[in-house]
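Enquirer: To start, I am sharing the structure in question, which I have written as structure tokens.
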Amino acid sequence: MNFHRGRRLRKTASLRTTFRETRIAPENLVQPFFVVDSDDEGFESPIDSMPGQFQLGLKSLEEQVSVAVDAGITSIILFGIPKLKDNIASQAYAENGIIQRAVRSLKSRFPDLIVITDVCLCEYMDHGHCGIVKNNLVLNDPSLEILGKTALSHARAGSDMVAPSDMMDGRVKHIRNLLDAEGYYELPIMSYAVKYASSFYGPFREAAKSTPSFGDRKTYQMNPANSREARREAMADIEEGADIIMVKPALPYLDIIRDLRQNFSLPVAAYQVSGEYSLIKAGARLGHIDEKQMVMETITSIKRAGADLILTYFARDIALWLKQEE
Ligand code: PBG
């Protein structure tokens, strides 16, 4: 018969494995952690909307990172929850801020682990916005200075990569210049270049206690309806000195990941965000879906679309599943 017989190469598990086009390795994954500035370093509080994720004191963080490293995780990203929030985000760049302390202790215990630090102000501001606020407006240029200070303080603490997620214009350039001037010219910047104003961040804001007290983030994060603008944002960050460009969220924006992959030669990262995680967890809890299969399918889709690196709360679990299959 002279028609296409796609089933010939799907016939057995070994044929399917042989002709599989996309593979996931633990090195492609980044595990996020939430670290709390608490007097009780053994502090551990489950995040209701993200079953399996915790706010962790410094000591608990070390333990959880150790578990992830044993599972095969090679990169993590840290988010901090400070004791004190104010209107200048002073704990974001304090030498003894929670992130700075966490980086120092993790790097001394796990020297080979890639420790990425999220550079943003929303968790450190009493109003929960990602920049300096005046008259209920989020001001761009005055925010750059403290974003720069924050990135520099992470560099001094020993961060392996800074990841600005604030979406202020010009922040990559500002951070790059400052890092270079201070001798950190080899510290990579992973920019949240294409970050949409998304409903999928809801659970994260509970986890990081960073819900804005007024308004929303639509004046700085992107309109989900736009794709040409994504290319423009990526181009700007590349010109400003980004080493890796990120798309966020991931699964609802696979077209954008593909577009950046095809148009730029830099590594592309994608963030499977809190809402993507919570949906799968909730569906699995209700017994409507198979968690492991759905996680692997979403991660494979994100990689197939063109992401080199995937930030996901499932990272450690995926690494363990991959190990079981070996
Ligand atoms: C900080 C930041 C956010 C996320 C990562 N960095 C929240 C936001 O922009 O509101 C979201 C991550 C997630 O939802 O998992 N600006």
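Enquirer: Put +1 on the Cβ of every Lys and Arg and -1 on every Asp and Glu Cβ in the stretch 103-168; which of Met167, Ser108, Met125 then has its Cα farthest towards the positive end of the dipole?
Expert: Value: Ser108.
Enquirer: Note down the magnitude of the dipole of the chain about its Cα centre, charges +1 on Lys and Arg C-beta and -1 on Asp and Glu C-beta and zero elsewhere, to the nearest 20 debye.
Expert: 1460
Enquirer: When a/c is below 1.5 the answer is rounded, else prolate if a/b is larger than b/c, else oblate, so apply that to the stretch 186-326 with a ≥ b ≥ c taken from the square roots of the Cα gyration tensor eigenvalues. Spell out each step's value before the answer.
Expert: Working: a/c = 1.88, a/b = 1.27, b/c = 1.49.
Verdict is oblate for the stretch 186-326.
Enquirer: Also: Take every DSSP beta bridge whose two residues both sit in the chain, then give the antiparallel share in percent to the nearest 5.
Expert: Within the chain, antiparallel bridges account for around 15 percent of the total.
Enquirer: If the cut-off is a Cα-Cα distance under 13 Å, which aspartates and glutamates reach Lys195, setting aside same-chain residues fewer than 8 apart in sequence?
Expert: Lys195 reaches Asp166, Asp169, Glu229, Glu233, Asp237.
Enquirer: Mind giving me the FRET efficiency for Met296 and Asn135? R0 is 56 Å, r the Cβ-Cβ distance, nearest 0.05 is fine.
Expert: E between Met296 and Asn135, to the nearest 0.05, is 0.70.
Enquirer: Same structure, new question: Can you give me the distance in nm between label points at Arg304 and Asp126, each placed 7 Å from the Cα along the Cα-to-Cβ direction?
Expert: Output for this residue pair reads 5.0 nm.
Enquirer: What angle do you read, to the nearest 10 degrees and between 0 and 90, between the alpha-carbon axis of helix 171-181 and the longest principal axis of the chain?
Expert: 70
Enquirer: Give, to the nearest whole percent, the P(r) tail of the chain beyond 36 angstrom, counting all Cα pairs.
Expert: Value for the chain (Cα pairs over 36 Å): 16 percent.
Enquirer: Using 0.36 nm per residue of separation minus the Cα-Cα distance, give me the extension gain between Glu186 and Arg258 in nm, one decimal. Intermediate results must be reported in sequence, preceding the final value.
Expert: On the way: separation 72, 0.36 × 72 = 25.92 nm, distance 2.79 nm.
Result: 23.1 nm gained on full extension.
Enquirer: Could I ask something else about it? Whole-Hz ³J(HN,Hα) for each residue in the stretch 216-227, computed from phi via Karplus 6.51 cos²θ - 1.76 cosθ + 1.60 with θ = phi - 60°, x for glycine and proline: what do you get?
Expert: Once rounded to whole Hz, the list reads 9, 9, 6, 7, 10, 7, 7, 6, x, 7, 10, 10.
Enquirer: How far apart, in nm, are two points set 7 Å out from the Cα along the Cα-to-Cβ line at Asp70 and at Ser213?
Expert: Going from the Asp70 label point to the Ser213 one covers 4.2 nm.
Enquirer: In degrees from 0 to 90, rounded to the nearest 10, what is the angle of the helix 291-305 Cα long axis to the longest principal axis of the chain?
Expert: On a 0 to 90 degree scale, this one is about 80.
Enquirer: Output the 0 to 90 degree angle, nearest 10, between the alpha-carbon long axis of helix 228-240 and the longest principal axis computed from the alpha carbons of the chain.
Expert: Taking Cα atoms only, the helix is inclined about 60 degrees.
Enquirer: Under 17 Å from the Cα of Lys209, which lysines turn up, not counting those fewer than eight places away in the same chain?
Expert: Lys83, Lys85
Enquirer: Report ³J(HN,Hα) in whole Hz for each residue of the stretch 55-66, in order, from the Karplus equation J = 6.51 cos²θ - 1.76 cosθ + 1.60 where θ = phi - 60°; Gly and Pro get x.
Expert: Going residue by residue, I get 8, 10, x, 4, 6, 5, 4, 4, 5, 5, 5, 4 Hz, with x marking Gly and Pro.
Enquirer: With θ set to phi - 60°, apply the Karplus curve 6.51 cos²θ - 1.76 cosθ + 1.60 along the stretch 154-169 and write out the HN-Hα couplings as whole Hz, x wherever there is a Gly or Pro.
Expert: Coupling constants for the stretch 154-169: 5, 4, 5, 6, x, 4, 8, 6, 9, 10, x, 10, 7, 6, 6, 5 Hz.
Only the coordinates and a few stated rules stand behind these numbers; no lab work does. These numbers were taken from a predicted model, which means no experiment stands behind them. Every residue, glycine among them, receives a Cβ derived from its backbone with ideal geometry; neighbour counts consider all protein chains shown.
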